[in-house]
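Taking it in order: structure first as structure tokens, then the write-up.
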Amino acid sequence: MHLTRFELNPARRATRHLLASPHRLHGAVMKAFPAAHREPTEDGRVLWRLDQTPNQTLLYIVSPHRPDLTHLVEETGWPATSTWDTRPYGPLLDQLAAGQEWAFRLTANPTRSVRRTSDVDTKRYGHLTVTQQTDWLLGRVERLGFSIPPAVENEPDVTVRGRDRRRFARQGTTVTLTLATYEGRLRVADPGVFRRTLTHGVGSAKGYGCGLLTLARVRPT
């Protein structure tokens, strides 16, 4: 597995065009791999996340195979000064142990499935409120191999830092995604299950920038 970080240049027209549609960005990410390397494997699948601040636009990719982002550098980066950074993900995955605490960041598509009548297929609807989105994650952490320890006033140490609804065209239809970006602190409960969470993703819409959970050292308080 590999972890890749690439900074986009938001001043370029091609970058703005790409960022306007998760469908286009998905296509650009998948072009970083030959066709044989785009499908999920037992080790993991291609996951990506876009982190945007007023000062930086960063693309993170986790993948079973090493990507080649030459096309993105030429069209949306700084070709004369910088490329991308890819590092082995295995050393981090191998060091995970029960009881460890990590700071984390996750952009996900929190949804619920609703069946209006017995003869109609279920349909996914996005959770819209902060409470609904937080409860969605907390209700899944056990099966994802970790827990959220308490913070101030014994509340779970997780915050919804960003919320968005994205609408974009895909094959003649309009897709609507509800996005929530979570930040907080987690405690590893089952290292094997947690490794799979990190390499296979969380929730739905993984092809559109959702599901990639990344870790950082917990800062001393």
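Scanning region 1-27 for residues that are part of a helix (DSSP H, G or I) and either of a type outside the set (A, V, I, L, M, F, W, C) or touching a helix residue (DSSP H, G or I) at 6+ places or on another chain (Cβ under 6 Å) (or both) yields Arg13, Ala14, Thr15, Arg16, His17, Leu18, Pro22, His23, Arg24, Leu25, His26, Gly27. If you take the residues in region 19-28 that are under 18 Å from Gln171 (Cβ atoms) and among the hydrophobic types (A, V, I, L, M, F, W, C), which one is surrounded by the fewest Cβ atoms within 10 Å (Cβ to Cβ)? Among those residues, the one meeting the criterion is Ala20.
For the residues Val141, Val130, Val114, Val73, the requirement of being more than 14 Å from Thr178 (Cα to Cα) and either out of contact with any strand residue (DSSP E or B) (no Cβ under 8 Å at 6 or more places or on another chain) or surrounded by fewer than 17 Cβ atoms within 10 Å (Cβ to Cβ) (or both) singles out Val114. Counting only strands (runs of 3 or more DSSP E) that sit wholly inside region 41-97, those with at least 2 residues that are within 12 Å of Pro10 (Cα to Cα) are 57-63.
Just one of the listed residues (Ala103, Ala98) is among the small types (Gly, Ala, Ser), within 19 Å of Glu183 (Cα to Cα) and in contact (Cβ under 8 Å) with a residue 12 or more places away in the chain, and it is Ala103. Being in contact (Cβ under 8 Å) with a residue 12 or more places away in the chain and exposed (fewer than 12 other Cβ atoms within 10 Å of the Cβ) is the filter; apply it to region 144-168 and report the residue that is farthest from Gly99 (Cα to Cα). Ranking the qualifying residues of region 144-168, first place goes to Arg165.
Of all the criteria given as (1) closer than 23 Å to Gly27 by Cβ; (2) touching a helix residue (DSSP H, G or I) at 6+ places or on another chain (Cβ under 9 Å); (3) surrounded by fewer than 18 Cβ atoms within 10 Å (Cβ to Cβ); (4) not hydroxyl-bearing (Ser, Thr, Tyr), the one not satisfied by Ala98 is (1). Residues in region 66-95 that are under 20 Å from Leu215 (Cα atoms) and either in contact (Cβ under 8 Å) with a residue 12 or more places away in the chain or touching a Phe, Trp or Tyr at 6+ places or on another chain (Cβ under 8 Å) (or both): Arg66, Trp84, Asp85, Thr86, Arg87, Pro88, Tyr89, Gly90, Leu92, Leu93. Just checking, does region 42-64 include any residue being crowded, with 16+ Cβ neighbours inside 10 Å, out of contact with any strand residue (DSSP E or B) (no Cβ under 8 Å at 6 or more places or on another chain) and more than 23 Å from Arg170 (Cα to Cα)? The answer is yes, given that some residue of region 42-64 is crowded, with 16+ Cβ neighbours inside 10 Å, out of contact with any strand residue (DSSP E or B) (no Cβ under 8 Å at 6 or more places or on another chain) and more than 23 Å from Arg170 (Cα to Cα).
Do you know which of the residues in region 173-215 that are touching a Phe, Trp or Tyr at 6+ places or on another chain (Cβ under 9 Å), among the hydroxyl-bearing types (Ser, Thr, Tyr) and buried (at least 17 other Cβ atoms within 10 Å of the Cβ) is farthest from Ser147 (Cα to Cα)? Within region 173-215, the match that is farthest from Ser147 (Cα to Cα) is Tyr208.
Among the conditions (1) in contact with an Asp or Glu (Cβ under 8 Å, 6 or more places away or on another chain); (2) in the same structural domain as Thr199 (by TED's automatic domain parsing), the only one that Tyr60 does not satisfy is (2). Pairs linking a residue in region 21-49 that is among the basic types (Lys, Arg) to a residue that is assigned to a helix (DSSP H, G or I), with Cβ atoms under 8 Å and 6 or more positions apart or on different chains, are Arg24/His17; Arg24/Leu18; Lys31/His71; Arg38/Met30; Arg45/Thr199; Arg45/His200; Arg45/Lys206.
The values are calculated or read from the model by the stated rules, or taken from the named source; none is laboratory data. As the structure is a computational prediction, the values presented were derived from the model and not from experiment. Cβ coordinates were reconstructed from backbone atoms using ideal geometry, including for glycine residues, and neighbour counts include every protein chain displayed.
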